[in-house]
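What follows is one structure encoded as structure tokens, with my remarks underneath.
The values are calculated or read from the model by the stated rules, or taken from the named source; none is laboratory data. Just so it is clear, the model here is predicted, and its values are computed rather than measured. Methodologically, a virtual Cβ is constructed for each residue, glycine included, from the backbone with ideal geometry; neighbour enumeration extends over all protein chains shown. These accessible areas exclude ligands, DNA and RNA; they are computed on the full protein's heavy atoms, side chains included. Shrake-Rupley method; radii C 1.70, N 1.55, O 1.52, S 1.80 Å.
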Amino acid sequence: MLHYGVGFTTAEAAEVMGNEEATVRSQLCTGHRRLATLLKLRCPEHPDGKNRS
């Protein structure tokens, strides 16, 4: 059982959302990738997207 630090396991989130647990994990992965892309676009001078100033 995975827990992502926001108070719900993937199983609990799946139940609340009415989805399969695998769907929730897939959606989380997609969200993480989108966020990483946005951070890299915001701070392109750093390969990890972090602004170290």
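The table below lists the values:
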| read-out | value |
| --- | --- |
| Residues that are modelled with pLDDT of 90 or more and either touching a Gly at 6+ places or on another chain (Cβ under 6 Å) or of a type in the set (Lys, Arg) (or both), drawn from the range 3-53 | Arg25, Arg33, Arg34 |
| Any pair with Cβ under 7 angstrom, 6 or more apart, that starts in the range 21-42 at a residue that is within 18 Å of Ala11 (Cβ to Cβ) and of a type in the set (D, E, K, R) and ends at one that is in a helix (DSSP H, G or I) and open to solvent by less than 80 Å² (accessible area, probe 1.4 Å) | Glu21/Thr10; Glu21/Ala11; Glu21/Ala14; Arg25/Thr10 |
